[in-house]
1. In the list Thr154, Thr220, which residue meets the criterion of being modelled with pLDDT of 85 or more and not basic (Lys, Arg)?
2. Do any helices (runs of 4 or more DSSP H) entirely within segment 40-118 hold 1 or more residues that are within 39 Å of the chain's Cα centre (by Cα), at pLDDT 50 or above and within 26 Å of Trp12 (Cα to Cα), and if so, which?
3. When you scan segment 131-140, do you find a residue that is under 30 Å from Thr226 (Cβ atoms) and touching a helix residue (DSSP H, G or I) at 6+ places or on another chain (Cβ under 6 Å), even just one?
4. Between Thr155, Thr107, which is more than 24 Å from Gly224 (Cβ to Cβ), surrounded by fewer than 14 Cβ atoms within 10 Å (Cβ to Cβ), of a type in the set (Ser, Thr, Tyr) and in contact (Cβ under 8 Å) with a residue 60 or more places away in the chain?
5. Within segment 1-39, which residues are farther than 21 Å from Gln112 by Cα, among the β-branched types (Val, Ile, Thr), in contact with a strand residue (DSSP E or B) (Cβ under 8 Å, 6 or more places away or on another chain) and modelled with pLDDT under 70?
6. Between residues in segment 217-241 that are surrounded by 13 or more Cβ atoms within 10 Å (Cβ to Cβ) and residues that are among the hydroxyl-bearing types (Ser, Thr, Tyr), which pairs lie under 6 Å by C-beta distance while being six or more apart or on different chains?
Amino acid sequence: MTRGIESVRGPWQIIGIVRDTKSGNPREIEPVRMTYIPLAQIDPYAPVPSGGTTTATDASTTVREENQDRYAYTILLRTTADPAKIIADLRAAVASIDSRLPLLRVTTMEEQVSSLIANDQLISMLTGAFSILALLLAAIGLYGVMSYHVVQRTTEIGVRIALGAQLETVLWMILKESLRLLAVGVCLGLPLTLLVTRSIRSQLFGLSALDPFTFAMAITVVAGMTVFATWLPARRAARIDPLTALRYE
């Protein structure tokens, strides 16, 4: 694989086109143009284009060293066994062919991918931690608002209970208001979220911009938080003594 075909003499025949892929950075938006060339057709002593100048006396040595760096080969090995357990066997197999062949790095595909996205994983963890903190703060704020709302309606609740309202009726009366606010929030937030995820879809790893499971889980978590934050003041209001509520100012 190379970004140029200067070292391969023409004419060239295109035998296939591969799909776009992220070659070096998960955040790549535009794919890097690549040319896949058969290894047997690459001249290890062909000049490599560079910005510097090379004298005639050291041209051969320079070309060889530059090409060794440019065409460092990567071999992928697929196995049904645990990849981490066959590294020693792989080194022994290469040494049995030619003990002078250097194996610079032998890693599993999982380790390779983890090293490439380590920074992104750290950012994701920090973002997730701050998201949980924001969710907790929102729950505390919602609890405070609903508690204040219940206090403001203490007299009304006392009248309803005195007239025979059941516990479930009072609970549902308060929960219904919070669920109405939840429905409005979902209707407004869902379209905005769809627009935002479309604009950052290149930053999403292993997740599509329109993943239904993620959206369903987010709505479920927010709904559960809303019900829980409303349940405590609603339950307290439903158990209030009617006489105390009627005398409340």
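The values are calculated or read from the model by the stated rules, or taken from the named source; none is laboratory data. All figures in this text were calculated on a predicted structure; none of them were measured in a lab. All Cβ positions, even for glycine, are placed from backbone atoms using ideal geometry, and neighbour counts span all protein chains on display.
1. Sole residue among the options that is modelled with pLDDT of 85 or more and not basic (Lys, Arg): Thr220.
2. Here the list reads 59-70.
3. yes
4. When all the criteria are applied, what remains is Thr155.
5. Across segment 1-39, the qualifying residue is only Ile5.
6. Here the result reads Thr226/Ser178; Ala229/Tyr143; Thr230/Ser178; Pro233/Ser147, each pair linking segment 217-241 to a residue that is among the hydroxyl-bearing types (Ser, Thr, Tyr).
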